[in-house]
Amino acid sequence: MSMVTIPLTESQWKRLQEKARRLRVAPEVLLMATLEDLLTRPEEDFRRTVEYVVQKHAELYRRLAAGA
């Protein structure tokens, strides 16, 4: 099994914990279920999701690229 580490802001971590608590699962279980859902979606849904995320965070990506 491969391991992946992703950075989360404190706010993201708290929101993830809250959602997991409401669903009565561990945050890691919620993330794995979300990832599995993403990986099994039809490609068109995935493409729209990726476009949305990239567009939503475009300024952040530009700043990160400029600092690299």
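Couple of notes before you dig in:
- Within the stretch 38-52, being among the aliphatic types (A, V, I, L, M) and surrounded by 10 or more Cβ atoms within 10 Å (Cβ to Cβ) holds for Leu38, Val50.
- Of all residues in the stretch 35-63, those that are charged (D, E, K, R) have Cβ atoms under 9 Å from Cβ atoms of residues that are assigned to a helix (DSSP H, G or I), 6 or more apart or on another chain, in Arg41/Thr49; Asp45/Leu38.
- Qualifying helices (runs of 4 or more DSSP H) (wholly inside the chain; at least 1 residues being of a type outside the set (Val, Ile, Thr) and modelled with pLDDT under 90): 27-40, 43-56, 58-67
- Looking at Leu35, Leu60, just one residue is surrounded by 10 or more Cβ atoms within 10 Å (Cβ to Cβ) and at negative phi, and that residue is Leu35.
The values are calculated or read from the model by the stated rules, or taken from the named source; none is laboratory data. Keep in mind that this is a model prediction, so the values were computed, not measured. As a convention, Cβ positions derive from the backbone with ideal geometry for all residues, glycine included, and neighbour counts pool all protein chains shown.
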